[in-house]
Structure formats: structure tokens, C-alpha cells
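**Student:** Below: one structure in C-alpha cells.
The values are calculated or read from the model by the stated rules, or taken from the named source; none is laboratory data. A quick note: this is a predicted structure, and the numbers were derived from the prediction, not measured. Neighbour counts run over all protein chains shown; Cβ positions are idealised from the backbone, glycine included. Ligands, DNA and RNA are stripped out before the accessible areas are found, and what is left, the full protein with its side chains, is counted by its heavy atoms. Shrake-Rupley method; radii C 1.70, N 1.55, O 1.52, S 1.80 Å.
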Amino acid sequence: MQPPVFALTAVGKHFGYRTALDAVSLEVTEGEFVLLLGGNGAGKTTLLKILSTLMRPSAGSVLFRGEPFPGAAPLARRDLAMISHESRLYADLTALENLRLFGTLYGLYGLHGLMAPAREALAEVRLADVADIPVRSFSSGMLKRLAIARLLLQRPRVLLLDEPYAGLDQGSVTLLDDYLSRFTRQGGTTIMVTHQFTGGVRLCTRIVILHQGRLVYNRPACDPTAERCAELLARYGPAGTAAATS
């Protein structure tokens, strides 16, 4: 039996006197699509940063495919990709130059075979006409589409998504939905944070909710509709918790 993609045991993260994560234990298996919900400050982004190796936990342990962090970090970085609030793009480089730099750093396609796949990725996300324009002039939606092009180039096995629909127009939403559908059908593993319960939400197989850094809900998604997600968040998020303790 394959080990889980991620196995967290009593993971905590503290920033001075503030606790961002409090003894979170969670397993994510191969091919799962986990929807990670919670109010502002619940610890969702902190958890994704720990899983992406951008941040180390203050307590507990994280295993990637059975190997512990930080030793497994190089393996994890090779397998996973992340879309977050930070574009991690070089503003003075063009869209094509950003993809070529990214592909070179990841050793994709070899030194001379990268140009054609990079242009194909830009065409798929409808950025071919601005391939040679510095990305500092791009809108937030265009930056997100360039991030999707980076996914197309990398072909990761694990996706960590932090509000991937923010700033996207309807055409770009459809593009991202199509990519996530293909990725899921091909057996990819996804953890997604979103407050926009459309599109990719219907793909989720499990819903996890954090509140004040603690794991308060972790169950299979029986009916992953927008209404069901909103209902669960109202029940187990800040409003539900306040009502339950009042």
C-alpha cells in the first residue's frame, strides 16, 4: 500500500505569542481532492506554506510519501506546484522569459527543447499575444493565467491552491476548471483553499475545515455543492463556533 502523499501529526505553528496552527493531524492520499475551508486567520495559508516547504512547523511532523520533512523537501518540490496570492513571477521579465526561467530551474525539456512547450502553454491560457511583454503590466487575472501556464509546463503530481479563482474572469475560470478536471482524472492530488464555491468545488472528494488553527471538520464530500460548502462553513467556521459556545 502506498503511503499518503501528506501525513501530518500534531503540526503546530507559532508566530511569537500567536498560534496559527494547533496540533493539526491530517492525511491526504494519492488522487484526493481536498477542499480546505475556514474563516480569515484560521490557518489555511500557513498550512499550505508548510506543505509546500516554504515554512517549517514549530511542532509536530510532516511526511511526504512516507519521508519526513525537511529531508523530503527536494522530492516534494519536484512533485508539487502551488498557486497562491503571491505570483512568484519576475516583473521585469516577459511571460515567455518567466516560463523559460522556470523550466530551466526545474530542468524541464532540456536546454534546447523548452521554447516550443512554453509557447504552447501560453497559447493554451490565451497569453500568446502578450508572450513578449513584461509581466509587470499584467492584470491579476493575467498573472493567474500565467501561473496556470507554469502548471502546464511543469506537469506536477500534487497541487496546492490558495484562492486560485480570485481575480479571474469567467473565461479564465473555465480554463482553470478544465485544467483541474484533467488533473483529477489523471490521478493528481489537490488541496484547495477557496471562498468561491464554484467550478473546482464539485471535484472535491473531502472537505476539511480549520478554525482558529484547529482541525474541526474532516469528512468525505457527500455532496460538494456551493450550498453544502457554505452550510458547513457556517456551522463549523467562526459563526457556527460562536453560536455553539454562546
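**Student:** Once both labels are modelled 7 Å past Cα along the beta-carbon direction, what's the GLU27-MET1 spacing in nm?
**Tutor:** Once both label points are built, they end up 0.6 nm from each other.
**Student:** What is the spin-label model distance, in nm, from SER61 to GLU227 if the labels are put 7 Å beyond Cα along the C-beta direction?
**Tutor:** Label-label distance for SER61 and GLU227, simple model: 4.5 nm.
**Student:** Quick one: which residues, 5 or more positions from TYR217 or on another chain, have an amide H under 5 Å from its amide H? H modelled 1.01 Å from N in the peptide plane, none for Pro or chain starts.
**Tutor:** ILE209
**Student:** Okay, next question. Mind computing the radius of gyration and Dmax over the alpha-carbon atoms of the chain? Å is fine for both.
**Tutor:** For the chain, the Cα-based Rg and Dmax read 18.4, 64 Å.
**Student:** So, one more: Could you quote the convex hull projected area for the stretch 119-211, Cα atoms only and averaged over all directions, in nm²?
**Tutor:** So the mean shadow area of the Cα hull is 6.6 nm².
**Student:** Just want to confirm a number: the relative contact order over the chain, from Cα pairs under 8 angstrom separated by 6+ residues, in percent.
**Tutor:** 26
**Student:** Note the angle between two axes, namely the Cα long axis of helix 170-185 and the longest principal axis of the Cα atoms of the chain, as a number of degrees from 0 to 90, rounded to the nearest 10.
**Tutor:** 80
**Student:** Say R0 is 45 Å: what FRET efficiency, to the nearest 0.05, do THR9 and LEU105 get from their beta-carbon distance?
**Tutor:** After rounding to 0.05, the efficiency reads 0.90.
**Student:** Next up: Apply the Karplus parameterisation 6.51 cos²θ - 1.76 cosθ + 1.60, with θ equal to phi minus 60°, to every residue of the stretch 9-19 and state each ³J(HN,Hα) to the nearest whole Hz, in sequence, with x for glycine and proline.
**Tutor:** 10, 6, 6, x, 9, 10, 10, x, 8, 8, 9
**Student:** Most mobile of LEU160, LEU210, LEU101 per a Gaussian network model of the chain (Cα springs, under 10 Å)?
**Tutor:** Most flexible of the set in this elastic network: LEU101.
**Student:** Further question: When the helices in the chain are scored as -39500 (n - 2.57) per DSSP H run of 4 or longer and the sum is shared across all residues, what 222 nm value do you end up with, to the nearest 500 deg cm²/dmol?
**Tutor:** One gets -10500 deg cm²/dmol as the mean residue ellipticity at 222 nm.
**Student:** Can you give the extra length, in nm with one decimal, that the chain gains between GLN212 and LEU54 once fully stretched, where that is 0.36 nm per residue apart less the Cα-Cα distance?
**Tutor:** Net length gain for the segment: 54.8 nm.
**Student:** Something else now. Taking the C-alpha atoms of the stretch 13-144, how large are the radius of gyration and the largest Cα-Cα span, Dmax, in Å?
**Tutor:** Cα only, the stretch 13-144: 17.8, 51 Å (Rg, Dmax).
**Student:** On C-alpha positions alone, give me the angle between the axis of helix 115-124 and the longest principal axis of the chain, in degrees, nearest 10.
**Tutor:** 60
**Student:** Among bridges DSSP assigns within the chain, what percent are antiparallel (round to 5)?
**Tutor:** The answer is about 55 percent antiparallel.
**Student:** Seen from all sides and averaged, what is the projected area of the convex hull of the Cα atoms in the stretch 50-121, in nm²?
**Tutor:** 6.2
**Student:** Considering only C-alpha atoms, what is the centroid distance from the stretch 136-190 to the stretch 1-62, in Å?
**Tutor:** Answer, in whole Å: 22.
**Student:** A further question on this structure: Can you give me the accessible area per residue for the chain, using a 1.4 Å probe, in Å²?
**Tutor:** On a per-residue basis, the chain sits at 48 Å².
**Student:** Now a separate question. Express in nm, to one decimal, how much length is gained between TYR90 and ALA234 on full extension, taking 0.36 nm for each residue of separation and deducting their alpha carbon distance.
**Tutor:** 48.0 nm
**Student:** Report, to the nearest whole %, how much of the accessible area of the chain belongs to carbon and sulfur atoms, 1.4 Å probe, protein only.
**Tutor:** That share works out to 54 percent.
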